[in-house]
Structures are given as C-alpha cells and as structure tokens.
Amino acid sequence: MTNTLPKNFLWGGAIAANQAEGAYLADGKGLDIASYCADGLRHGFELKPTEGKHYPYQEAIDFYHRYQEDLALMQEMGFNVFRTSIAWARIFPLGDELEPNEAGLKFYDDLFDEMIARGMQPLITLSHYETPLHLVEKYGSWRSRELIGFFVRYCEVVFERYKHKVKLWMTFNEINNMRRIPGGAGGILLHEGESFWQTIYQASHHMFVASSLAMKRCHEIIPDAKIGSMFSLSNVYPATCKPDDVMSTVGVRRESLLFVDVMVRGKYPAYASRMFETKGVHLEILPGDEEIISAYTSDYIALSYYRSTTHEHGLAQNADTGGETGKDNPYLETTPWGWQIDPVGLRYTLNELYDRYQVPLFIVENGLGTFDKVEEDGSIHDPYRISYLRDHLEQMKEAVKDGVDLMGYTYWGPMDIVSAGTAEMEKRYGFVYVDKDNEGNGTLKRIKKDSFEWYKKVIASNGEDLK
C-alpha cells in the first residue's frame with residue numbers, strides 16, 4: 001500500500017523561546033512580557049517584579065545553555081524539522097532601537113547551525129508571546145502603529161542574518177488569541193474604562209499590516225522561503241442540533257476565522273461589518289493598509305489543535321491557550337486540565353480549513369499535557385500520551401486521504417517546558433522529562449519517556465507504524 005504521507009513530510013516538535021530558553025537577561029537580552037509572569041500568560045503579566053515571587057519563565061528549562069543536548073535527543077528521534085521562536089528582545093532589547101544586539105543574533109546563528117547539522121530544518125516564529133516589555137510601557141504595545149515599523153525592522157534584520165539557514169517562517173503565534181488572551185498574544189494590558197473589543201481589533205489590524213509587510217520583505221530577501229501565519233484553531237461544535245445553537249456556533253468560530261480570512265484571503269470578510277458593529281468597533285484603517293494586506297498574504301496556514309468543545313446559544317463562551325471552552329462534550333474524555341480529547345476533531349478541522357482556504361496546512365502544535373510519574377528505576381511510562389498521539393496521527397492521515405495538502409507535523413512540546421497558560425512545569429507534554437517542579441526546584445536532568453521510542457518509530461516509518 002502506498003504511504004499516506006509524502007516522502008518529504010516534515011516530522012518534528014515545537015517549543016517557544018519564552019517557555020524553554022530561560023537566560024532571561026543573558027548576553028544583553030531585554031525584558032519581555034514573560035519576564036515578570038508568574039501564573040501563565042493567560043493571566044497577564046507584570047511590568048515590575050514583586051520581591052520574593054517566582055517567575056518560571058526566567059529560567060524555564062535553560063534551553064539557552066542546553067540546546068545541544070536537547071537537539072541531540074531530537075535528532076535521535078529522527079526529527080527533520082524543529083520549531084522554535086526568536087525572542088524579539090534578544091535581537092532588539094527594547095524593541096525600538098536602530099541597531100540590533102550582536103550577541104543575540106549570534107545565539108540564533110549557533111542554534112540554527114546546530115539544528116541544520118543534526119538534520120533539522122528550522123521552523124521559526126518571529127513573535128511567540130514575547131513582546132518586548134519596553135514596547136508595552138512606552139507605546140501601549142500594538143495599540144500603536146509605531147510597532148509596525150519596529151516589527152518590520154526586526155524582521156528585516158533576522159531575514160538578512162539567517163537567509164541561508166531558515167526557509168520556513170511564521171509571523172505571529174496564535175494571532176487570533178488576541179481576542180482570548182491579548183496580554184500574551186499582543187502584549188496588551190487593558191486600561192480601566194477602555195473598550196476591550198475596540199482595543200483588541202485595532203491592535204490586531206496593526207498586526208495584520210505588520211505581518212503583511214514582513215511577508216513582503218521575507219520574499220524579497222529570501223526568495224525561496226515560505227512564510228505563513230499561525231492560528232489557534234481547536235474547534236467548537238454546536239451543543240445540540242437546535243438551530244440557535246448551530247448559528248451561534250458559526251459566530252463563535254468566525255471570531256477565530258476572521259483572522260485567517262484577513263491573513264490568507266487578504267481582506268476583511270463580509271461578516272466582519274456586523275461583528276464589529278455589534279461589538280462597537282470602529283477600525284482606523286489608513287490609506288494603503290488594505291492594499292498591503294491584500295498584496296502580501298500567507299503562503300501556508302500553521303495551526304495549533306489540542307481539543308474541541310461545544311457551544312450553546314446564550315451561554316458565555318470562554319477560552320484559554322488551548323482554544324474555546326464551552327460545554328463539555330459527553331462523548332469525549334477529559335484531561336486533568338479540563339481539555340477534552342477529540343482526534344476526529346483534528347480531521348474535521350483540517351478539512352474545514354483546506355476546503356475554505358485551499359492553501360497548504362501545517363500542524364505546528366498538537367499534544368497532551370498531563371501528569372507524569374518517575375518510577376523508582378527512573379523510567380517514565382506514558383501510554384496515555386502514546387494513545388493521544390496515535391489517535392490524532394491516524395485522523396491526520398485520514399485528512400490527507402480526504403485531499404488535504406499537509407506540510408508536516410510538529411508535536412508540542414517534545415521536552416517538558418513551562419506551560420504558556422499556567423506557567424506550570426508539572427503540566428507535562430514531552431517525550432523527554434525535565435526534572436523541575438512548579439516552584440522551580442530540580443536538577444533539569446533530561447529523562448526519556450516511553451513515548452520517546454514510540455515517536456522515533458513513527459517518524460522512521462513516515463507515520464505508517466502507529467502500533
């Protein structure tokens with residue numbers, strides 16, 4: 001039987017600089033929004049530290065000093081791609097300087113060289129919940145159009161520096177989380193009395209323009225590069241077949257798909273007018289903005305998918321870093337963190353997106369965060385993670401059989417890192433255990449889990465051996 005996946009399918013894993021690197025002030029790095037974040041970026045961040053408080057992202061898992069060891073483990077599993085991000089504040093410590101920090105540039109030179117030497121393409125996010133803190137304090141972050149120029153300057157510097165090393169890029173991580181967790185997605189701290197929706201959508205518009213200009217410069221500087229947009233697209237179903245539930249769920253889904261429509265189709269969708277009117281939003285769109293957004297669109301859609309939920313008309317729909325949170329689905333299992341496990345939902349989502357946009361898709365986040373136990377002999381048995389991954393990969397392959405053009409799959413995250421949503425270490429995703437607890441205690445020793453050898457086998461078979 002012919003293999004479902006193409007021979008050039010990209011297999012790997014994904015992390016983010018703020019959740020893994022640590023070394024938060026090393027080699028001239030500036031402060032960013034994760035520097036003084038104690039409880040996870042979904043809960044906001046502080047502009048100044050509180051004495052005696054533990055800030056988990058400051059050390060994280062010390063990937064900054066241990067990346068060679070970690071990439072050796074990824075190579076052992078057979079990765080041909082590895083996703084991480086560049087910390088903007090390592091390159092421009094304040095975010096608005098004219099000249100970059102050479103030490104920061106050199107770190108990523110060394111990191112990318114190590115990836116390539118170990119057979120992995122770098123898949124790089126330009127802004128992954130790492131807005132420089134100075135831009136928040138001085139400009140109000142993406143409220144200000146000035147950030148467009150600062151971001152494009154930063155992008156130009158890294159495109160020029162790494163043009164022979166990095167061919168796969170993304171602009172903003174989970175940009176549609178501006179409507180869910182604006183502090184993390186865009187460094188937005190809401191002011192008292194400020195209109196939430198007006199602020200969020202105006203800031204998002206500035207990010208749309210910045211993203212398109214970055215895509216323009218990427219193709220000019222690196223003609224053989226592909227640059228995409230990245231979205232949180234865990235799905236939501238109607239709670240019942242009651243027409244009000246169905247139509248209301250369409251509205252909830254559109255709040256995420258609006259971001260995809262703008263960045264892939266190159267224009268605000270027709271339904272945006274009523275959505276904005278309902279929310280009291282009046283966008284300031286300057287002459288030329290719409291032309292820029294239209295001319296420079298995403299080469300591919302990168303997405304995170306973790307779970308699904310259901311929505312009932314009239315009930316408030318909440319959200320966190322995993323996506324929408326509505327009513328529990330009685331047909332699905334639930335993790336200790338309340339995330340419902342829905343492998344078929346991944347196939348559904350991939351078909352939804354490919355039918356709608358007809359551009360290549362890339363699953364750049366999917367994984368199970370839960371508790372792991374180290375046995376007395378040092379082993380870690382995680383059959384629940386293998387089961388989660390096997391079921392999702394089976395449905396991923398079904399989507400490819402359905403006709404979906406899928407570039408690759410990067411599991412989140414291949415070694416345990418600090419949670420984005422809650423700043424916990426004990427919410428573990430990895431194939432590699434990192435000895436550290438929620439209070440920051442531990443040796444940082446890396447230990448392989450059972451899932452390590454299982455994923456190695458999957459990659460070696462190009463997804464055919466899922467036993």
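Checked against (1) open to solvent by less than 20 Å² (accessible area, probe 1.4 Å); (2) outside any helix (DSSP H, G or I), Tyr36 passes all but a single condition, namely (1).
Would it be correct to say that Leu123 is in a strand (DSSP E or B) and surrounded by 15 or more Cβ atoms within 10 Å (Cβ to Cβ)? Spelling it out, Leu123 is indeed in a strand (DSSP E or B) and surrounded by 15 or more Cβ atoms within 10 Å (Cβ to Cβ).
Picking from residues in the range 94-110 that are touching a helix residue (DSSP H, G or I) at 6+ places or on another chain (Cβ under 6 Å) and either open to solvent by 10 Å² or more (accessible area, probe 1.4 Å) or aliphatic (A, V, I, L, M) (or both), the one that is farthest from Asp70 (Cα to Cα) is Asp96. When only residues in the range 220-233 that are open to solvent by 10 Å² or more (accessible area, probe 1.4 Å) and either in contact (Cβ under 8 Å) with a residue 60 or more places away in the chain or among the β-branched types (Val, Ile, Thr) (or both) count, which is farthest from Thr297 (Cα to Cα)? My answer is Ile221.
Is it true that Leu286 is of a type in the set (A, V, I, L, M), open to solvent by less than 70 Å² (accessible area, probe 1.4 Å) and part of a loop (DSSP other than H, G, I, E, B)? When the stated conditions are applied, Leu286 passes them.
Within the range 163-172, is even one residue open to solvent by less than 40 Å² (accessible area, probe 1.4 Å) and part of a helix (DSSP H, G or I)? There is no residue in the range 163-172 that is open to solvent by less than 40 Å² (accessible area, probe 1.4 Å) and part of a helix (DSSP H, G or I). Close contacts from the range 336-351, counting a first residue that is charged (D, E, K, R) and a second that is assigned to a helix (DSSP H, G or I), with Cβ to Cβ under 6 Å and a gap of 6+ residues or different chains, come to Arg347/Gln395; Arg347/Glu398; Arg347/Ala399.
Kindly provide the set of residues from the range 405-414 that are part of a loop (DSSP other than H, G, I, E, B) and open to solvent by less than 10 Å² (accessible area, probe 1.4 Å), ordered by number.
Here is the first cut: in the range 405-414, the ones part of a loop (DSSP other than H, G, I, E, B) are 405, 413-414.
Residues satisfying the conditions are Gly413, Pro414.
There is at least one residue in the range 234-254 that is among the small types (Gly, Ala, Ser), open to solvent by 30 Å² or more (accessible area, probe 1.4 Å), part of a loop (DSSP other than H, G, I, E, B) and in contact (Cβ under 8 Å) with a residue 40 or more places away in the chain. Would it be correct to say that Gly369 is among the small types (Gly, Ala, Ser) and either buried (at least 16 other Cβ atoms within 10 Å of the Cβ) or touching a His at 6+ places or on another chain (Cβ under 6 Å) (or both)? So Gly369 fits the description; yes.
Taken residue by residue, the range 191-204 has at least one member that is surrounded by fewer than 24 Cβ atoms within 10 Å (Cβ to Cβ), within 20 Å of Asp96 (Cβ to Cβ) and at pLDDT 95 or above. Cβ-Cβ below 6 Å, separation at least six or inter-chain, first residue in the range 74-98 and of a type in the set (Gly, Ala, Ser) and at pLDDT 95 or above, second assigned to a strand (DSSP E or B) and open to solvent by less than 30 Å² (accessible area, probe 1.4 Å): which pairs? Cβ pairs passing all conditions: Ser85/Thr125; Ala89/Asp32; Ala89/Pro132; Gly95/Pro132. Taking the range 39-62 as the range and being open to solvent by 20 Å² or more (accessible area, probe 1.4 Å), within 27 Å of Lys445 (Cα to Cα) and part of a loop (DSSP other than H, G, I, E, B) as the test, the residues that pass are Asp39, Gly52, Lys53, His54, Glu59, Asp62.
When the range 377-403 is limited to residues that are of a type in the set (Gly, Ala, Ser) and part of a helix (DSSP H, G or I), the one that is surrounded by the fewest Cβ atoms within 10 Å (Cβ to Cβ) turns out to be Ser387.
Selection of the range 415-467 for residues being part of a strand (DSSP E or B) and either surrounded by fewer than 18 Cβ atoms within 10 Å (Cβ to Cβ) or at pLDDT below 95 (or both) yields only Ile447. Exactly one residue among Glu130, Glu69 is more than 27 Å from Asn8 (Cβ to Cβ) and assigned to a loop (DSSP other than H, G, I, E, B), and that residue is Glu130. For the range 289-327, taking the residues that are among the acidic types (Asp, Glu) and part of a strand (DSSP E or B), the one that is surrounded by the most Cβ atoms within 10 Å (Cβ to Cβ) is identified as Glu324.
Within the range 133-155, none of the residues are closer than 22 Å to Tyr409 by Cβ and surrounded by fewer than 20 Cβ atoms within 10 Å (Cβ to Cβ). Restricting attention to the range 265-283, the residues that are within 23 Å of the chain's Cα centre (by Cα) and open to solvent by less than 20 Å² (accessible area, probe 1.4 Å) total 1.
Within the range 355-414, the set of residues being under 20 Å from Ser461 (Cα atoms), hydroxyl-bearing (Ser, Thr, Tyr) and touching a strand residue (DSSP E or B) at 6+ places or on another chain (Cβ under 8 Å) comprises Tyr388, Tyr409, Thr410, Tyr411. If you go through the range 180-190 and pick out every residue that is farther than 14 Å from Tyr129 by Cα and either in contact (Cβ under 8 Å) with a residue 12 or more places away in the chain or surrounded by 22 or more Cβ atoms within 10 Å (Cβ to Cβ) (or both), you end up with 0.
The values are calculated or read from the model by the stated rules, or taken from the named source; none is laboratory data. Just so it is clear, the structure is predicted and the values come from calculations on it, not from any experiment. Cβ coordinates were reconstructed from backbone atoms using ideal geometry, including for glycine residues, and neighbour counts include every protein chain displayed. Note: areas computed on protein heavy atoms with side chains; ligands, DNA, RNA excluded. Shrake-Rupley method; radii C 1.70, N 1.55, O 1.52, S 1.80 Å.
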